[in-house]
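Q: This is the structure I have questions about; it appears just below.
The values are calculated or read from the model by the stated rules, or taken from the named source; none is laboratory data. Nothing here was measured: the structure is a model prediction, and the numbers come from that model. Ideal geometry is used to build each Cβ from the backbone, glycine not excepted, and the neighbour counts take in all protein chains shown. Protein only, heavy atoms only, side chains kept; ligands, DNA and RNA dropped before computing areas. Shrake-Rupley method; radii C 1.70, N 1.55, O 1.52, S 1.80 Å.
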Amino acid sequence: MFKGIGASSGIAMGPAYVIPAWDWEFPDKMVDATDLSFEFERLYDGIRSSKDELEHIKQEIRDVLGQEQSYIFDAHLAILEDPVFMNEIQGIISRQYKAAEVAVKEVIDKFVEMFDVLDDDYMKERAMDIKDVGNRLLKHLLGSGDDTPPPTDHSYVLVAKELTPSQLVHLDPARVLGIVTMMGGLTSHTSIMSRAMGIPFVLGLEGKLIRPIQNGDLMIVDGEEGIVYVNPDSGTVELYESRKTDWLMHRERLQEIAHVPSMTQDRKQVRLAANISSIKEIDQVLKNGAVGVGLFRSEFLYMDRDSLPDEEEQTEVYKQAAVKLDGRPLIIRTLDIGGDKKLDYLPLQVEENPALGCRAIRISLDRRELFKTQLRAILRASYFGQVKLMYPMISSLGELREANALLAEAKQELKSRGKPFNPDIEVGLTIEVPGAALIADVLAKEVDFFSIGTNDLIQFVLAVDRMNDSIAHLYNPYHPAVIRLLKLTIDAAKAAGIPVAVCGEFAGDIRALPLWLGLGIEELSMSVQLILPIKHRLLTSNHAECERLLQEVLQCGTSEEIEQVLRQADSRSSAS
């Protein structure tokens with residue numbers, strides 16, 4: 001038995017399949033000065049091929065696991081576009097006359113070593129992203145194929161020194177029973193993906209094994225306790241067969257509660273909705289018993305194409321979603337691009353700080369015909385179901401009124417064309433800018449609902465760019481300032497008599513459920529795969545206790561204190 005770190009819960013048992021570690025060995029190849037242009041062309045070809053491959057992987061992940069998981073590969077694309085990373089490679093080629101692959105490997109090794117020596121787990125895990133991107137680029141430069149393919153005739157426990165997201169995404173999840181790695185961390189992208197895929201994962205066994213694990217060794221992986229057994233005795237096998245049966249029954253029981261009303265033990269109801277990026281996800285939304293779609297990210301209609309979708313195409317997509325939901329709510333967020341989401345065919349001004357620049361509603365108000373085309377499509381779809389419209393990143397009453405004026409124009413244009421729509425469509429906005437939260441009482445008087453977008457709200461409140469690896473560890477949703485701003489927003493919505501939901505990633509954090517209950521949130525919208533675990537926790541919660549817990553949280557001065565209060569409450573709940 002070996003003790004590691006449980007990164008994804010569950011129990012797996014089966015033969016080991018060991019992925020050999022990448023170990024690039026090639027001579028320190030020099031090139032003639034006359035061949036430098038050729039080496040640069042090889043480098044640029046390799047980068048283009050790597051980017052194309054990453055875009056393809058993003059699409060695969062988006063179709064299977066949803067848009068949120070595909071963001072992992074945006075970080076990889078960003079490395080290939082990072083000027084510091086590229087300048088280092090180009091400098092070695094031009095000044096030291098080294099071949100492109102030699103320069104790439106030197107830069108990878110330099111950056112990985114730089115991150116590895118830092119006393120910060122988060123930064124160490126970012127070194128894995130650099131290795132992953134570097135290995136991909138090297139494979140294109142050297143013309144090397146992928147690792148030896150895994151077995152296709154039986155399932156297995158995957159074992160690796162370290163596992164990259166790229167390696168994981170190319171494996172058949174139906175064959176991967178569990179994962180064991182010698183290195184890695186809880187916030188690594190591989191850990192995040194394994195949890196999304198529901199694969200038990202234990203990491204951190206470096207230096208703990210008596211001998212290396214071999215292909216075919218019988219493995220037991222306990223992702224909850226962070227324990228791995230290699231060739232266990234029969235008694236241990238019997239024990240874990242029983243535990244695995246219990247675990248599988250728990251998963252089945254989760255499915256059994258899909259259509260049970262989502263309410264606490266003292267009868268406080270909280271609606272659980274889904275965040276989606278495509279119609280493909282609606283089947284899973286219905287299977288998991290979501291009350292509807294709390295966030296349809298419409299921008300993904302605009303991505304991975306060469307031109308803007310027209311009114312008819314958008315209408316058809318929104319209509320299909322509304323019909324499939326069969327009367328359940330469908331909240332469509334209007335175009336939210338800019339920042340880290342760009343359209344190749346819609347050039348935007350280059351900005352020093354795009355997160356605070358022209359994005360979301362600001363682009364829509366700047367490009368009015370583009371905006372009105374989408375508004376007309378959403379309105380037309382509203383004739384076929386319970387469609388609601390939501391503006392992103394509103395920061396002032398003036399913006400809200402300007403958007404509503406364009407909505408009124410869109411209604412009039414449809415009326416003159418004889419196109420049916422719901423004239424009383426509900427209109428809301430996302431609270432994701434601190435300025436909007438601070439005037440929530442004013443905004444609440446002119447909309448039908450709020451939805452709190454915690455991802456941006458947290459980064460703006462804490463002045464932490466969550467896409468900046470060097471400071472992303474400071475992005476903490478449990479910061480007292482975040483909790484207080486959430487309370488301010490929710491209280492304003494209640495005073496105005498409008499519903500308020502939460503649609504950011506924080507909504508699906510099971511540790512935060514007591515906070516949402518204490519704050520009086522009546523709807524949480526999250527990734528489809530998180531709905532049943534959240535509901536299971538909700539059914540065993542007590543609303544009155546959570547209200548008392550909130551008062552304790554509001555007295556805390558640090559995020560560590562708040563997290564400690566929540567851990568203690570969770571321990572008391574588990575004990576009872």
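Q: Do we find that Gly497 is under 30 Å from Gln255 (Cα atoms), surrounded by fewer than 19 Cβ atoms within 10 Å (Cβ to Cβ), of a type in the set (Gly, Ala, Ser) and modelled with pLDDT of 95 or more in this structure?
A: no
Q: Something else about it: Restricting the search to the stretch 304-334, which residues are more than 26 Å from Asn288 (Cα to Cα) and either open to solvent by 30 Å² or more (accessible area, probe 1.4 Å) or not in a helix (DSSP H, G or I) (or both)?
A: Hits for the stretch 304-334 are Asp304, Arg305, Asp306, Ser307, Leu308, Pro309, Asp310, Glu312, Glu313.
Q: Just one of Met193, Met183, Met197 is surrounded by 15 or more Cβ atoms within 10 Å (Cβ to Cβ) and either among the acidic types (Asp, Glu) or farther than 30 Å from Leu524 by Cβ (or both); which is it?
A: Checking each option against the conditions leaves just Met183.
Q: Right, something else. Report yes if Ser470 is part of a loop (DSSP other than H, G, I, E, B) and either of a type in the set (Ser, Thr, Tyr) or at pLDDT 95 or above (or both), otherwise no.
A: So Ser470 fits the description; yes.
Q: For the stretch 23-38, how many residues are assigned to a loop (DSSP other than H, G, I, E, B) and either open to solvent by 80 Å² or more (accessible area, probe 1.4 Å) or modelled with pLDDT of 70 or more (or both)?
A: Final tally of qualifying residues: 7.
Q: Additional query: Are there any pairs, at least 6 apart or on different chains, whose C-beta atoms fall under 6 Å, with the first in the stretch 450-469 and within 21 Å of Ile521 (Cβ to Cβ) and the second modelled with pLDDT under 95 and surrounded by fewer than 20 Cβ atoms within 10 Å (Cβ to Cβ), and if so, which?
A: Short answer, once both residue conditions are applied: Asn455/Glu505; Gln459/Arg466.
Q: Residue under question is Leu530, and the condition is that it be in contact with a helix residue (DSSP H, G or I) (Cβ under 6 Å, 6 or more places away or on another chain), of a type in the set (A, V, I, L, M, F, W, C) and open to solvent by 60 Å² or more (accessible area, probe 1.4 Å); does it hold? Full working, then the answer.
A: Details: in contact with a helix residue (DSSP H, G or I) (Cβ under 6 Å, 6 or more places away or on another chain): yes; of a type in the set (A, V, I, L, M, F, W, C): yes; open to solvent by 60 Å² or more (accessible area, probe 1.4 Å): yes.
So Leu530 passes the test.
Q: Taking the options Val230, Val270, name whichever one is open to solvent by 20 Å² or more (accessible area, probe 1.4 Å), β-branched (Val, Ile, Thr) and in contact with an Asp or Glu (Cβ under 8 Å, 6 or more places away or on another chain).
A: Numbers: Val270 fails: open to solvent by 20 Å² or more (accessible area, probe 1.4 Å).
Exactly one residue qualifies, and that residue is Val230.
Q: Please list, ordered by residue number, the strands (runs of 3 or more DSSP E) wholly in the stretch 211-299 having 1 or more residues that are acidic (Asp, Glu) and more than 22 Å from the chain's Cα centre (by Cα).
A: 218-222
Q: Filter the stretch 435-467 down to residues that are of a type in the set (S, T, N, Q) and modelled with pLDDT of 95 or more, then give me how many there are.
A: Of all residues in the stretch 435-467, those of a type in the set (S, T, N, Q) come to 451, 454-455, 459.
Still in the list and also modelled with pLDDT of 95 or more: 451.
Total meeting the criteria: 1.
Q: Inspect the stretch 360-367 for any residue being surrounded by fewer than 16 Cβ atoms within 10 Å (Cβ to Cβ) and either closer than 30 Å to His76 by Cα or among the small types (Gly, Ala, Ser) (or both) and give the result as yes or no.
A: Within the stretch 360-367, not a single residue is surrounded by fewer than 16 Cβ atoms within 10 Å (Cβ to Cβ) and either closer than 30 Å to His76 by Cα or among the small types (Gly, Ala, Ser) (or both).
Q: For the stretch 212-221, check the following and say yes or no: at least one residue is touching a residue at least 40 places away in the same chain (Cβ under 8 Å), surrounded by fewer than 17 Cβ atoms within 10 Å (Cβ to Cβ) and either touching a Leu at 6+ places or on another chain (Cβ under 6 Å) or of a type in the set (A, V, I, L, M, F, W, C) (or both).
A: yes
Q: Here is a follow-up. Given the condition among the aliphatic types (A, V, I, L, M) and over 30 Å from Ala444 (Cα atoms), answer yes or no: does some residue in the stretch 506-526 qualify?
A: The answer is no, given that none of the residues of the stretch 506-526 is among the aliphatic types (A, V, I, L, M) and over 30 Å from Ala444 (Cα atoms).
Q: Can you find a residue in the stretch 406-414 that is assigned to a helix (DSSP H, G or I), under 26 Å from Ala274 (Cβ atoms) and open to solvent by less than 70 Å² (accessible area, probe 1.4 Å)? So that I can check it myself, show each step before the final result.
A: If we filter the stretch 406-414 for residues that are assigned to a helix (DSSP H, G or I), which is where we start, we get 406-414.
Now narrow it down to the ones that are under 26 Å from Ala274 (Cβ atoms): 407.
Next, from what is left, pick out any that are open to solvent by less than 70 Å² (accessible area, probe 1.4 Å): 407.
Yes, the conditions are met somewhere in the stretch 406-414.
Q: Do we have any residue at all in the stretch 64-71 that's aliphatic (A, V, I, L, M) and modelled with pLDDT under 85? Give the derivation first.
A: To start, the set of residues in the stretch 64-71 that are aliphatic (A, V, I, L, M) comprises 64-65.
Checking which are modelled with pLDDT under 85 leaves us with 64-65.
Yes, the stretch 64-71 has at least one match.
Q: Can I ask one more? Can you find a residue that is of a type outside the set (A, V, I, L, M, F, W, C), part of a loop (DSSP other than H, G, I, E, B) and either open to solvent by less than 60 Å² (accessible area, probe 1.4 Å) or closer than 22 Å to Ile363 by Cβ (or both) anywhere in the stretch 445-453? Spell out the reasoning first.
A: Initially, the stretch 445-453 is screened for residues of a type outside the set (A, V, I, L, M, F, W, C), giving 445-446, 448, 451, 453.
Now drop any that are not part of a loop (DSSP other than H, G, I, E, B), which leaves 448, 453.
Still in the running and either open to solvent by less than 60 Å² (accessible area, probe 1.4 Å) or closer than 22 Å to Ile363 by Cβ (or both): 453.
Yes, some residue in the stretch 445-453 is of a type outside the set (A, V, I, L, M, F, W, C), part of a loop (DSSP other than H, G, I, E, B) and either open to solvent by less than 60 Å² (accessible area, probe 1.4 Å) or closer than 22 Å to Ile363 by Cβ (or both).
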